[in-house]
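Worksheet for the structure shown next.
The values are calculated or read from the model by the stated rules, or taken from the named source; none is laboratory data. What you see is a predicted model, and the numbers here were worked out from it, not measured in a lab. Note that we place each Cβ from the backbone using ideal geometry, even for glycine, and neighbour counts take in every protein chain shown.
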Amino acid sequence: MLTIGRLTAADRAAWQTLFAGYNEFYGRTMPDDFFDQAWVRFQRDEEIHALGAYVDGRLVGIAHFLTHASTTAPDACYLQDLFTAPEARGQGVARALIGAVTEWARERECGRVYWSTHESNATARRLYDQVAENRGFILYVIPL
(Lines give C-alpha, C1' and ligand atoms only; values in the text may rest on other atoms or scores of the structure.)
Protein backbone atom coordinates (compact mmCIF):
# COMPACT_ATOMS: atom_id res chain seq x y z
CA MET A 1 0.00 0.00 0.00
CA LEU A 2 1.29 3.47 -0.99
CA THR A 3 0.95 6.32 1.52
CA ILE A 4 2.31 9.88 1.59
CA GLY A 5 3.25 11.75 4.75
CA ARG A 6 5.70 13.97 6.56
CA LEU A 7 9.11 12.57 7.26
CA THR A 8 9.73 11.44 10.84
CA ALA A 9 12.93 11.01 12.84
CA ALA A 10 12.82 7.28 12.02
CA ASP A 11 13.12 8.14 8.29
CA ARG A 12 16.46 9.95 8.60
CA ALA A 13 18.77 7.24 7.21
CA ALA A 14 16.42 6.16 4.40
CA TRP A 15 15.81 9.82 3.46
CA GLN A 16 19.56 10.48 3.21
CA THR A 17 20.01 7.42 0.99
CA LEU A 18 17.27 8.65 -1.34
CA PHE A 19 18.50 12.25 -1.35
CA ALA A 20 22.05 11.06 -2.06
CA GLY A 21 20.64 9.04 -4.98
CA TYR A 22 18.87 12.14 -6.27
CA ASN A 23 22.07 14.17 -6.12
CA GLU A 24 24.07 11.36 -7.71
CA PHE A 25 21.58 11.27 -10.61
CA TYR A 26 22.45 14.92 -11.29
CA GLY A 27 26.20 14.33 -10.87
CA ARG A 28 26.53 15.91 -7.42
CA THR A 29 28.13 14.61 -4.23
CA MET A 30 27.12 16.39 -1.06
CA PRO A 31 29.04 16.45 2.25
CA ASP A 32 27.34 14.98 5.32
CA ASP A 33 26.85 18.39 6.93
CA PHE A 34 24.76 19.43 3.93
CA PHE A 35 22.38 16.52 4.63
CA ASP A 36 22.36 17.39 8.33
CA GLN A 37 21.36 21.01 7.65
CA ALA A 38 18.65 20.05 5.18
CA TRP A 39 17.21 17.47 7.59
CA VAL A 40 16.99 20.01 10.43
CA ARG A 41 15.17 22.45 8.14
CA PHE A 42 12.74 19.79 6.95
CA GLN A 43 11.95 18.85 10.53
CA ARG A 44 11.21 22.53 11.34
CA ASP A 45 8.80 22.54 8.36
CA GLU A 46 8.87 26.34 8.09
CA GLU A 47 10.79 27.54 5.02
CA ILE A 48 11.30 24.27 3.18
CA HIS A 49 9.18 21.17 3.41
CA ALA A 50 9.51 17.46 2.74
CA LEU A 51 7.11 14.61 2.15
CA GLY A 52 7.85 10.93 1.89
CA ALA A 53 6.20 8.15 -0.07
CA TYR A 54 5.92 4.85 1.75
CA VAL A 55 5.17 1.43 0.32
CA ASP A 56 4.17 -0.96 3.08
CA GLY A 57 5.78 1.41 5.60
CA ARG A 58 9.13 1.67 3.78
CA LEU A 59 10.29 5.08 2.53
CA VAL A 60 10.68 4.82 -1.26
CA GLY A 61 10.30 8.40 -2.47
CA ILE A 62 10.87 11.99 -1.39
CA ALA A 63 9.68 15.44 -2.39
CA HIS A 64 11.25 18.71 -1.18
CA PHE A 65 9.41 21.96 -1.83
CA LEU A 66 8.96 25.57 -0.78
CA THR A 67 6.73 28.55 -1.45
CA HIS A 68 7.76 31.97 -2.63
CA ALA A 69 6.12 35.26 -3.50
CA SER A 70 5.16 36.04 -7.07
CA THR A 71 4.83 39.40 -8.79
CA THR A 72 2.11 38.21 -11.17
CA ALA A 73 -0.01 35.75 -9.17
CA PRO A 74 -0.56 34.31 -5.69
CA ASP A 75 2.45 32.68 -4.03
CA ALA A 76 4.01 29.83 -5.99
CA CYS A 77 5.10 26.41 -4.76
CA TYR A 78 8.42 25.20 -6.18
CA LEU A 79 8.94 21.44 -6.16
CA GLN A 80 12.71 21.48 -5.83
CA ASP A 81 13.60 17.80 -5.49
CA LEU A 82 11.64 14.67 -6.41
CA PHE A 83 13.14 11.19 -6.28
CA THR A 84 11.89 7.63 -6.25
CA ALA A 85 13.97 4.61 -5.31
CA PRO A 86 14.83 2.66 -8.48
CA GLU A 87 13.05 -0.48 -7.26
CA ALA A 88 9.81 1.49 -6.68
CA ARG A 89 9.63 3.25 -10.05
CA GLY A 90 6.58 2.68 -12.20
CA GLN A 91 4.34 2.14 -9.15
CA GLY A 92 2.82 5.64 -8.96
CA VAL A 93 5.17 6.96 -6.29
CA ALA A 94 6.26 10.15 -8.09
CA ARG A 95 2.70 10.83 -9.27
CA ALA A 96 1.44 10.49 -5.67
CA LEU A 97 4.15 12.82 -4.35
CA ILE A 98 3.36 15.44 -6.98
CA GLY A 99 -0.32 15.13 -6.09
CA ALA A 100 0.40 15.56 -2.38
CA VAL A 101 2.57 18.64 -2.96
CA THR A 102 -0.14 20.06 -5.22
CA GLU A 103 -2.79 19.51 -2.55
CA TRP A 104 -0.52 21.06 0.11
CA ALA A 105 -0.06 24.13 -2.13
CA ARG A 106 -3.79 24.34 -2.91
CA GLU A 107 -4.62 24.33 0.81
CA ARG A 108 -2.28 27.31 1.24
CA GLU A 109 -3.85 29.13 -1.73
CA CYS A 110 -0.76 29.04 -3.92
CA GLY A 111 -1.35 29.98 -7.54
CA ARG A 112 0.74 27.18 -9.05
CA VAL A 113 3.15 24.33 -8.44
CA TYR A 114 6.13 24.14 -10.74
CA TRP A 115 9.46 22.36 -11.14
CA SER A 116 12.28 21.81 -13.57
CA THR A 117 14.08 18.73 -14.79
CA HIS A 118 16.91 18.04 -17.15
CA GLU A 119 15.85 17.71 -20.77
CA SER A 120 17.50 14.27 -20.93
CA ASN A 121 15.36 12.93 -18.06
CA ALA A 122 12.98 11.19 -20.49
CA THR A 123 11.51 8.75 -17.98
CA ALA A 124 10.41 11.48 -15.58
CA ARG A 125 9.29 13.75 -18.39
CA ARG A 126 6.78 11.13 -19.56
CA LEU A 127 5.04 11.47 -16.20
CA TYR A 128 5.47 15.25 -16.01
CA ASP A 129 3.86 15.67 -19.43
CA GLN A 130 0.80 13.80 -18.10
CA VAL A 131 0.35 15.76 -14.86
CA ALA A 132 1.55 19.27 -15.73
CA GLU A 133 1.83 21.77 -18.55
CA ASN A 134 5.23 22.37 -20.14
CA ARG A 135 5.20 26.09 -20.88
CA GLY A 136 8.47 25.99 -22.79
CA PHE A 137 10.62 28.05 -20.45
CA ILE A 138 14.38 27.51 -20.41
CA LEU A 139 16.22 27.68 -17.09
CA TYR A 140 19.39 29.79 -16.78
CA VAL A 141 21.68 29.62 -13.76
CA ILE A 142 24.58 31.73 -12.49
CA PRO A 143 26.54 29.61 -9.99
CA LEU A 144 27.85 31.61 -7.05
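Just a few scattered comments:
- Residue check, residue 101 touching a Cys at 6+ places or on another chain (Cβ under 6 Å), among the hydrophobic types (A, V, I, L, M, F, W, C), within 15 Å of residue 50 (Cα to Cα) and modelled with pLDDT of 95 or more: no
- Residue count for segment 87-103, restricted to those that are closer than 16 Å to residue 121 by Cβ and touching a residue at least 24 places away in the same chain (Cβ under 8 Å): 6
- Count of segment 21-48 residues, restricted to those that are aliphatic (A, V, I, L, M), surrounded by 10 or more Cβ atoms within 10 Å (Cβ to Cβ) and more than 16 Å from residue 63 (Cβ to Cβ), is 1.
- Residue check for residue 67: farther than 20 Å from residue 17 by Cα, free of Cβ contacts under 8 Å to residues at least 40 places away in the same chain and of a type in the set (Ser, Thr, Tyr): no
- Filter result for residue 72 (surrounded by 12 or more Cβ atoms within 10 Å (Cβ to Cβ) and of a type outside the set (Asp, Glu)): no
- Residue within segment 116-135 that is loosely packed, with under 15 Cβ neighbours inside 10 Å and closer than 15 Å to residue 52 by Cα present: no
- Matching residues, segment 56-89, being under 11 Å from the mean Cα position of the chain (by Cα) and among the polar types (S, T, N, Q): 80, 84
- Some residue of segment 43-60 being closer than 21 Å to residue 17 by Cβ and either part of a helix (DSSP H, G or I) or in contact with a Cys (Cβ under 6 Å, 6 or more places away or on another chain) (or both): yes
- The number of residues in segment 99-126 being among the β-branched types (Val, Ile, Thr) and farther than 16 Å from residue 63 by Cα comes to 1.
- Hey, residue 94 surrounded by 18 or more Cβ atoms within 10 Å (Cβ to Cβ) and part of a helix (DSSP H, G or I) or not: yes
- Long-range neighbours under 8 Å by Cβ, at least six apart or interchain, first residue closer than 11 Å to residue 95 by Cα within segment 119-142, second in a loop (DSSP other than H, G, I, E, B) and β-branched (Val, Ile, Thr): 124/117; 128/117
- Candidate set: segment 105-123, residues that are under 17 Å from residue 70 (Cβ atoms) and part of a helix (DSSP H, G or I); chosen: the one farthest from the chain's Cα centre (by Cα): 106
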